[in-house]
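Each remark here refers to the structure printed beneath this line.
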Amino acid sequence: MADEPSLTRWSFQFGRKKAPEETDAAANGETARVVYNGNSSTVASNGSVNVKNKPELAIYEQYRSQDNGSSTHYNGVSSAGFDEKPQKNLLPAFESAEMRTLAESLSRDIIWGNPDVKWESIKGLENAKQLLKEAVVMPIKYPKYFTGLLSPWKGILLFGPPGTGKTMLAKAVATECKTTFFNISASSVVSKWRGDSEKLVKVLFELARHHAPSTIFLDEIDAIISQRGEGRSEHEASRRLKTELLIQMDGLTQADELVFVLAATNLPWELDAAMLRRFEKWILVPLPEPEARRAMFEELLPLPPEEKLPCDLLVERTEGYSGSDIRLVCKEAAMQPLRRLIAVLEEKQEAVPEDELPKVGPIRREDIEMALKNTRPSAHLHAHRYEKTRGILLFIWKLKEVIEIMENMKDKVDEWEDKVDEWNDTWQDKNEDGRNG
């Protein structure tokens, strides 16, 4: 595994942070070497460090700030120095060094920063936002109510045309929900080494339980767990990876920790049926409605006061456009005045200093018309397929409920059959006792 700079390189050993070791020369005010994991960097007597690359320098400075008494927060955990044990270990205790190395690799996919995407910044998609709040926000805010039958959702699948806001919803979850957010793609859990892929999946869910409440976001999940079956060329390692993921998803329904799996895909019909069953909610993220398109244009297209935004025309002309397509239309419109300005500047023989460059002119109505002519929707031809898939998924969901009811009825029937057999045996015993008496 590549030796990449990370917080873990500065030695998280058994869940505790360990300071880089300094040689005796540093104590004497001479130039010394900081040793970490077998590598070293030069440290001068004034405390500065000569590290080969900037990521390692940034990591070293984080630890220096902690050693000086300042606090650095990771997942709500504050550490005031090297020797102080964190309130919650950044990594759980693993039995083997191999599993711990995999955990360190996956810990890089935790989003510590703030993606800065608010619910209000996502136009439309009210149903999806409400369900995500019910799944992640409300159980943490009101844990008293989410017990028993009302236990929180453990898995939600977002599906729909590309560019409709599935990843934006995931970023809003990371911003608003105050949970540890694991941003997982296929490259995070697929390894070229035999057996490592399923181990990565297992370690991922152990990390999520350790940092609970947490959210695991599986982007483009169809690349990880597509359909299995006859006639498909599938490697054994891929089958093992899928099996481990299914097992871990099953374990979430029986665990008490608040671990939530959010998945997104543009190809729901490619997903394995067993994985679909493990998602309790399937949410279609459709193309934006007229009201949502209007709100997007009003936010993205700043026009001068004398120019009125032709919202009705824009809403009518962008039927079948995704949110990403609308952003491209607005970007193309904003490029028109910049192109006019650059054409004027290029005609001049002398270069204009940067601080003397004129401002870009305002967007005009004809710029918007030109942008609409030059931009085409990317997903409208397949929108009906997602609606059809939604109907199929709802049918499967209802069928699953019917099967569960029938299974419960079968259990009741078996229970009554056992009681009837018991009564018959008792009756026969009494009759035999009466004849013998």
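Couple of notes before you dig in:
- A Cβ distance below 7 Å, combined with a sequence gap of six or more or placement on separate chains, defines the contacts here; from region 272-285, residues that are closer than 11 Å to D250 by Cα reach residues that are of a type in the set (D, E, K, R) in the pairs R277/K400; R278/D250.
- Only one of S188, S107 that is within 19 Å of L246 (Cα to Cα), part of a helix (DSSP H, G or I) and under 16 Å from the mean Cα position of the chain (by Cα): S188
- Of all residues in region 165-184 being outside any helix (DSSP H, G or I) and modelled with pLDDT of 85 or more, the one that is surrounded by the fewest Cβ atoms within 10 Å (Cβ to Cβ): N183
- Test: residue in region 364-387 that is in a loop (DSSP other than H, G, I, E, B), touching a Lys or Arg at 6+ places or on another chain (Cβ under 7 Å), at pLDDT 70 or above and not hydrophobic (A, V, I, L, M, F, W, C): no
- N127 meets all of the listed conditions (1) within 16 Å of the chain's Cα centre (by Cα); (2) closer than 27 Å to A223 by Cα but one, namely (1).
- When L200, L207 are checked against the criterion of being crowded, with 18+ Cβ neighbours inside 10 Å, under 15 Å from the mean Cα position of the chain (by Cα) and modelled with pLDDT of 85 or more, L207 stands alone in meeting it.
- Residue in region 235-245 that is among the hydroxyl-bearing types (S, T, Y) and either within 28 Å of L287 (Cα to Cα) or in contact with a Leu (Cβ under 6 Å, 6 or more places away or on another chain) (or both) present: no
- Screening K88 on (1) outside the structural domain of W269 (by TED's automatic domain parsing); (2) among the basic types (K, R); (3) modelled with pLDDT of 75 or more shows it passes everything except condition (3).
The values are calculated or read from the model by the stated rules, or taken from the named source; none is laboratory data. Note that this is a predicted model, so its numbers are computed, not measured. Backbone-built Cβ (ideal geometry, glycine too); neighbour counts: all protein chains shown.
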